[in-house]
Amino acid sequence: DLLDPDRLIQCPFVKNHHIRACRFPYHLVKCKESNPEIAKKLATCPFNARHLVPSHDLSDHIMKCSDKASMEQDIVSGSYEPSQEQVKNGSTWQAPPCDEDWET
């Protein structure tokens, strides 16, 4: 199940690292710092930052990326609306009014 936070994901930096999905983003940051030579050879998917692939395979990955397909479907249908959870967790912060006059 892709939504299971306890499912194991293989680390793109060290193949024998298997990390729980809920900890994966944190592991990527740490493992990238620990393996800079490997990190130089990997590229990040523009649709999902958790997808790190060899640089020479990036264009192939982009063509097949499942996150691209869902994004394209939202764009084509023109029906992208944030989920209720996104709306509920969204920020209600608003910028304060600006009293500066840059013309003066």
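The values are calculated or read from the model by the stated rules, or taken from the named source; none is laboratory data. All values derive from a computational prediction rather than experimental measurement. We place every Cβ from the backbone using ideal geometry, glycine too, and count neighbours over all the protein chains shown. Calculation scope for accessible area: heavy atoms of the full protein, side chains included, ligands and nucleic acids excluded. Shrake-Rupley method; radii C 1.70, N 1.55, O 1.52, S 1.80 Å.
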- If the Cβ limit is 8 Å and pairs must be 6+ apart or interchain, which residue in segment 8-27 that is more than 14 Å from Leu52 (Cα to Cα) pairs with which residue that is open to solvent by 40 Å² or more (accessible area, probe 1.4 Å) and among the charged types (D, E, K, R)? Leu8/Arg20; Arg20/Asp6; Arg20/Arg7; Ala21/Asp4; Ala21/Asp6; Ala21/Arg7; Cys22/Asp6
- Out of (1) at pLDDT 95 or above; (2) within 18 Å of the chain's Cα centre (by Cα), what's the single condition that is false for His17? (2)
- List, please: which pairs have Cβ atoms under 7 Å, are six or more places apart or on different chains, and start with a residue in segment 31-56 that is among the hydroxyl-bearing types (Ser, Thr, Tyr) and end with one that is open to solvent by 70 Å² or more (accessible area, probe 1.4 Å)? Ser55/Lys41
- Task: Give segment 22-54 a look and list any residue that's open to solvent by 90 Å² or more (accessible area, probe 1.4 Å) and either assigned to a helix (DSSP H, G or I) or of a type in the set (Asp, Glu) (or both), or say none.
- Result: Arg23, Tyr26, Lys30, Lys32, Glu33, Glu37, Lys40
- Message: Kindly evaluate Asp57 against the criterion of being at pLDDT 65 or above and open to solvent by less than 80 Å² (accessible area, probe 1.4 Å).
- Response: yes
